[in-house]
Amino acid sequence: IFKANDSTNSDPAFSSLSVPTSICQWITSFLTDRQQLVRLGKLTSRTITISTGAPQGCVLSPLLFSLYTNDCTSDPYVKFKLDGKTLYKSKVVYKNLNPVWNETFSFPIRNLDQKLFIKVYDRDLTTDDFMGSCGVELNKLELENSEMVLPLDDPNSLEDDMGVIIIDICLSVRDGKNKKHRWAQRKKRSLTGSTTEHNKRLTESMKKSQLWTGVYTITLVEGRDLPLDGQADVFVRFKLGDQKYKSKSQVKKVNTQWRERFDFNQFPDTSTILEIEVVGKGGRRYEDCYGQCEIDLSGLALNESTLFTHELDPGRGRVVFLVTPTPCTGASITDLVAPPLEEPHERDNIAYCILWNSLKDLRDVGFLQVKVIKATDLMAADLNGKSDPFCVLELGNNRLQTHTIYKTLNPEWNKVFTFPVKDIHEVLEVTVFDEDGDKAPDFLGKVALPLLSIRNGQQVACPLRKENLGGLSKGTIVLELEVIFNSIKASIRTFTPREQKFMEDNAKFSKKVLGRNVLRVRNLYRAVCHANQFIKSCFQWESVQRSIISFLVFVLTVWYWDFYMMPMFMVLLIVWNYLQIASERVTRDLESERKGLMEKIHMVQEIVITVQNLLEEIACCGERIKNTFNWSVPFLSNLAFLVLIMATVITYFIPVRYIILLWGIHKFTKKLRNPYAIENNEVMDFLSRVPSDVQMAQYTELSNCSFHSPYRRRKASP
C-alpha cells in the first residue's frame, strides 16, 4: 500500500497501477489545487493546500487508495500464538482476498488464563506484510464447538475494516489425568508391578478408535469444464476424518481424466463428511484452489455405487466421482491367549469361505494374523536410559497399534492383530516408537515383511532397521505371522491397479539415493553389455562349439518362427534361472554402505560424471536422429533417403524372415570369410557422422563468412 511520504510525485504511483493516461490526468486535476486536513477523534490537523498530488506528511487520497486495493490480491496465511510461541502456521492461499483454509489442529493448555493470538500475514518474497490480528480469551471458551467471527485489527493502519477471520474452536477435557499425575501412577505401577488392568483398559479404548467397520471406495473419474488459465497441472485432495488422499497430477485439459480408485476406512463414532478440493498447480509452491465441496456418506446404500457431479467455484468447472460403501470384517485386536485362528474350526471356516467365494469380491483376497510378542534391547530414548515403546502395524493404508509399556527397553506386548488382505503383494510394516508425551513420538526401529515371504506359524526375531530401511538399528522384535489367502483371487488381483498410499511425502533430493539409483542403472547396463558381448563372441567364433550351436538355433528359430516362440523363450529363461537358484549357483552380494569420507567424495564425483555422460549420449543420439530427417546435413539426408527407398523395395518383394536369415548368416560367416574384419554396427556408424545440435552450433557456416580473393588482394597492393 502506498505511503504518504512516498507519493509526492503521483506519476510513479499511477504507472505502477497501469491506469490509462486519460484517467491519470483526471485524477491529477482532482487531487491538485485542493485543501486537505485530518481528523482523529476530536483533534483536527492544520489545513494543507495540495498542489502536486499528495505532499509529504499528508494522508493519501481515498480515491487512490481504493484504486490500489481493488487492483491487487494477497497471499495470506495465519499464525496462532500462545504465550509468545507459535503453535501453528497455516498454508499459504495464493492470490486470494477471501481465502479458505479448512485446516485442523489441537494443542494442550496448562493455564486457561491466557489469550490466544491469531495473526494474518501476506506472503512476500522479502518480508511478509502484516494484515491484522485478533485474540481469543481461553477462559471464555465452552466445552463444545463454536464458530467465531473475529474482526481483524491493526493499530498502525488507518483502515476501519481490516476483514474478519472465521474459526471453529472447541475446548475439550483431556483424556485421563495430567502428566504429573500420570508420572506418579507410572512410578507406582512400576513399584507394584500390577499393569494388567491398565493395559486391558488401554486395549479396549484402542479397539474402539482403531478397528474399522467398513470401507468407502472412491473412484475419481474426471473434471469437467475446467478453466484453461495457464496452470500446468491439476490434482484433487480428499479428506475423511484424519485420512487424506492426493490424486496424481494431470496436465490440465477442459475435461481432465484421472480414473483413480482408492479406499477410506470407516471408523465408528467418526465423521462421515468427505471433503473434496480441486487444486491447480503452476509451480513447485504455487497452488490455486478451483473449489471445494463436502459429501455426507452416512446415508449411502451399502454395496452400491453412487455417482456425484459437484460444481466448483462459479465458472471453474465440475468434478465427477463415485462412492461405494462396503462392510468390512477381519480387523481385530485380541490378547495372546485367545488368537482368532486358534479358535475351534475358525481356520477351516476362513479357508472355506475364501475358497467358496473365489469369483466374488476380488478385493477380499485373504486374512493376516500377526502376533506381536515382544522386543528386546531397544534404543534408549529418554534421559533415564529407558524408553516408553509402543508398536504400530501398517498393511497398505490399514493401521493398528499396541498399547505403550513405560520405562523399559525389553517390552512384552503379547497382542494379536488381524487384517483383511486386499493384495497378497502388500508389505507389512512394523514400526516401534517411543511415546514422548505431548510431542511427536521418537522413532526406534522398523521392519518390512512382504506377505508372500511369511512362513505360517513360525516365531521369528527380526532385527530392527532405520527409518528408510537402509541400515540396521538397535534391537529386535519377535513376531509370529500367519496368512491365509485365495490363490485365484490373488492372481487376478495382481493384474489390477495397486492401492496407493494416502498423502505420500514429496520426494526430496538425496545424494545417497542418487548414488544407489546410478549404481542400479549401471548394473543393468553391465548386464546388457555382457549379453551383447556373448552374442559378439558367437559371431567371432571364440568357441567353435558355442558358435555352431548358436548358428543352428538362430537358423531354425528364424525359419520356423511363430509368435508362440516368444513366450516359450521367456518360460525357458524362467526355468533356467530357477535351476540356477536351486543349485545355489547364484549368490546375492550385498555391498556395505559404510564408506569413508574420501570414498564418498569420489563416489559423488563419479556419479555426477556418469549422469553427465549418460545424458549427453542420450541427447546426442536423439538429436542425430532428428537431424537426419530435417536435412541438417543434406548429403547424409540424401543418403538416408536412398537407403530407406531401397529397404522399402526389398522388404516389399522379399519376406522379412529371409532378410533376417541372410543378415544372420552374414554376421556368423563374416569372421570365417575375413579373419581380420572389424566388428561394427552399420546404423550406429551412420549416426556417428550426423552432428548433434551442440556440434551444429559450434561449427562455422561458410555462408556467413566474407571471402577475399588472393588475386584481387595482390592487384590492389602497390
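Okay, here's what the table says:
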read-out	value
Difference of contour (0.36 nm per residue) and Cα-Cα distance, residue 164 to residue 535	126.0 nm
The stretch 404-485 - charge dipole about Cα centre, Lys and Arg +1 at Cβ, Asp and Glu -1, debye rounded to 20	240 debye
Gyration tensor verdict on the stretch 214-327 (Cα atoms; rounded if a/c is under 1.5, prolate if a/b is larger than b/c, oblate otherwise)	prolate
Count, lysine Cα pairs under 15 Å in the stretch 332-494, 8 or more residues apart or across chains	13
Net lengthening on full extension, residue 410/residue 679 (0.36 nm per residue, minus Cα-Cα)	90.3 nm
Estimated FRET transfer efficiency (residue 625, residue 560; beta-carbon r; R0 45 Å; 0.05)	0.85
Footprinting exposure proxy for 91, 79 (fewest neighbouring C-beta atoms within 10 Å first)	91, 79
Modelled FRET efficiency - R0 51 Å, residue 651 with residue 293, Cβ distances, 0.05 increments	0.30
Dipole-positive endmost among 136, 111, 151 within the stretch 76-169 (Cβ charges, Cα centre)	111
Residue list for the stretch 524-565, given a label point 7 angstrom along the Cα-to-Cβ vector of residue 579 and an amide N cut-off under 17 Å	546, 549-550, 553
Gain in span if fully extended, residue 523 to residue 127, counting 0.36 nm per residue against the direct Cα distance	137.7 nm
Order by protection proxy (mean Cβ within 10 Å, highest first), peptides 363-372, 469-478	363-372, 469-478
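The numbers here are math on the coordinates, done by the rules we state, and not lab data. These numbers come from a predicted model, not from an experiment. Methodologically, a virtual Cβ is constructed for each residue, glycine included, from the backbone with ideal geometry; neighbour enumeration extends over all protein chains shown.
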